[in-house]
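The values are calculated or read from the model by the stated rules, or taken from the named source; none is laboratory data. Worth saying up front: this structure is predicted, and the values here are computed from it rather than measured. Cβ atoms come from the backbone with ideal geometry, glycine included; neighbour counts cover every protein chain shown.
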Amino acid sequence: MREVVLDTETTGLDPATGDRIVEIGAVELFNHMPTGKTYHQYINPERMMPKEAFDVHGLSDDFLRDKPVFKSVAAGFLAFVGEARLVIHNAAFDMKFLNAELAAAGFATLPMARSLDTVAISRQKFPGSPASLDALCRRFGIDNSARVKHGALLDSEILAEVYLELIGGRQPDLSLVSRSTSTTQTDETWRPAIRAIPLSPRLTEQEIAAHDAFTAKLGAASVWAKRQ
């Protein structure tokens, strides 16, 4: 099963009031395993960056001025996403912006049913506990020290780790590849070797005599009567 863990950065909170996407980051998972494939794109929002948005993600007007507009990168983004399920933290927010941009650019929108909201998963799994990405990183011991500013690719990489923990944690078979390619013996092929020099018994003469006296009382047919 292919999944894409996705995050966006925007100029504000509502595309209906003119806010736009300025960055998209995504990480590919296959059968809940990172494949190493990522998507990352800065986007010219074609509007001035509000100060509060700059404070959140640190992207300035000067930095974004020469970046492509969404319409020119939409096809590439959709090609990366393909038919994968979209894993998003607060999915309603990102899907609202993505579909607004896709519709404005003349592309078909993404069905909400394709998204999986990790906020909803965390609230169901940990009722009453904080469900922010930072709070979940603290809960699972995930290093998010590089997250000084919000960045779409970094956040999607961190979210991928959080998501894997939310659905049950990393599985032991993560290391199967390195095991199967190793030239050392595996548990399946190892067999105990016969000792060249047998170990000397650790029983004392008194213990042996006591054993013989006890088993003699059980009769000659007893299995304990024959000491190896």
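Considering the stretch 103-132, the residues that are under 17 Å from the mean Cα position of the chain (by Cα) and of a type in the set (D, E, K, R) include one that is surrounded by the fewest Cβ atoms within 10 Å (Cβ to Cβ), namely 125. What are the residues in the stretch 58-95 that are touching a residue at least 60 places away in the same chain (Cβ under 8 Å), crowded, with 19+ Cβ neighbours inside 10 Å and part of a helix (DSSP H, G or I), if any? Across the stretch 58-95, the qualifying residues are 81, 94. Here residue 55 passes the criteria (1) surrounded by fewer than 18 Cβ atoms within 10 Å (Cβ to Cβ); (2) part of a loop (DSSP other than H, G, I, E, B) except the one numbered (2).
Screening the candidates 116, 110, 153 for the property of being at pLDDT 90 or above, assigned to a strand (DSSP E or B) and closer than 30 Å to residue 72 by Cβ yields one hit, 116.
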